[in-house]
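Read-outs: derived from the displayed coordinates by stated rules, not from any lab. Keep in mind it's a predicted model, so treat the numbers as computed, not measured. Here the Cβ is made from the backbone with ideal geometry for all residues, glycine too, and neighbour counts use every protein chain on show.
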Ligand SMILES: NC(=O)c1ccc[n+]([C@@H]2O[C@H](COP(=O)([O-])OP(=O)(O)OC[C@H]3O[C@@H](n4cnc5c(N)ncnc54)[C@H](OP(=O)(O)O)[C@@H]3O)[C@@H](O)[C@H]2O)c1
């Protein structure tokens, strides 16, 4: 009891002192308190990890493969995807790892991929929305959406909703959204989600998109309540990945000796997919296997109406209404149906 409260106090102190908590030092201190029996075998389960060709996605996919899951690696480049597959098979000894090609910033590609998966798989147990981008110049996706928002928010929004029927077949099933501690610095800007007013700033657009991911996670948790599918978001801390090196080179140079390894950063992704505790709740924001607050300062807080507006805007931008598969359209008049009653709405 005494040891547990000291551990909890230490954990909170680490969380507040960002620099220590987010680094490998924070992981080392906390992982000493992890329960080694927490990660249950995943034989017979299927996990899909987006952005699995490098960094955190590759490490998370390896974690699921080690636990015995059949793993689907979503990549946008065949060579990088196959390279990741070979690495995971060699390290985990699990040969049931496959590559799926899809560019998440391209909504038609997302629709086609979800359709292929629905035809191939009888069920899905874990969906990890990990792929992410931070771009320095304002760029548009093939659908004309600002690229950070398209890749981090709109594409995963559409993919997740299209895969809900498969997740429901795998229920109890889990959605894990990989956000970032950077989201603590931003609130959502509903009137300018694509940062088209004024000067574009890549890190700000990225942090806002990561805030949006957390808000959507809370909305999924609410809408999927009672379906057996839970949704959680997490942040991995500061992790030595190709993405961090290329998108924030100066930050990377300064912090390199302190950065976590991808396996350390991905630990909570795998835990959220495999451990019993996160299966008993939904809508949490996690770091190092503990639930964390979603706000550090009052001015980043959003209202329930703002969360609903974000959802509505994602529906509009992704064309979700038109994309819904037959058999998952709400019945006539369901616009008045409470969100909880119809997860596919
Ligand atoms: N590293 C950190 O310190 C840190 C901290 C907080 C949050 N995160 C989050 O962790 C996640 C993974 O990032 P990472 O650091 O591991 O970076 P990374 O090494 O660059 O990995 C990003 C992955 O996303 C894929 N991707 C990017 N755009 C895509 C698209 N349009 N369609 C499909 N896949 C796409 C990349 O594919 P390619 O290989 O083809 O580029 C790559 O596999 C991101 O969501 C990031 O925001 C990272």
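Over the residues of the chain, the helix contribution to mean residue ellipticity at 222 nm works out to -13500 deg cm²/dmol, using -39500 (n - 2.57) for each DSSP H run of at least 4. Working note: Debye formula, equal point scatterers on the alpha-carbon atoms of the chain, no solvent; log10 I(q)/I(0) at q = 0.15 Å⁻¹ is -1.37.
For the chain, DSSP calls about 10 percent of its internal beta bridges antiparallel. Full extension of the segment from residue 96 to residue 80, taken as 0.36 nm per residue of separation minus the current Cα-Cα distance, would add 4.0 nm. How high is the relative contact order of the range 35-180, given as a whole-number percent (alpha carbon pairs under 8 Å, six or more residues apart)? Once normalised by length, the contact order is 23 percent. Peptides 123-130, 312-319, 45-52 ranked from most to least packed by the mean count of surrounding Cβ atoms within 10 Å: 45-52, 123-130, 312-319. The protection proxy used here, the mean number of other Cβ atoms lying within 10 Å of each residue, ranks peptides 282-290, 197-205, 139-147 as follows, highest first: 282-290, 139-147, 197-205. Which values of log₁₀ I(q)/I(0), to two decimal places, follow from the Debye formula for the range 107-151 at q = 0.14, 0.21 Å⁻¹ with a uniform point scatterer at every Cα? The calculated log intensity ratios at q = 0.14, 0.21 Å⁻¹ are -0.47, -0.82. For the range 190-238, the mean projected area of the C-alpha convex hull, equal to one quarter of the hull surface, is 4.5 nm². With the highest mean first, a sort of the peptides 170-176, 113-119 on other beta-carbon atoms found within 10 angstrom per residue produces 170-176, 113-119. Residues of the range 84-108 with an amide N closer than 20 Å to a point placed 7 Å from the Cα of residue 116 along the Cα-to-Cβ direction: 84-89, 96-108. The orientation-averaged shadow of the Cα convex hull for the range 266-330, equal to a quarter of the hull surface, comes to 7.1 nm². Once each part is reduced to its C-alpha centroid, what is the distance from the range 122-169 to the range 198-277 in angstrom? Cα centroid of the range 122-169 versus Cα centroid of the range 198-277: 13 Å apart.
Remark: the range 145-196 projects, on average over all directions, an area of 4.6 nm² (convex hull of Cα atoms).
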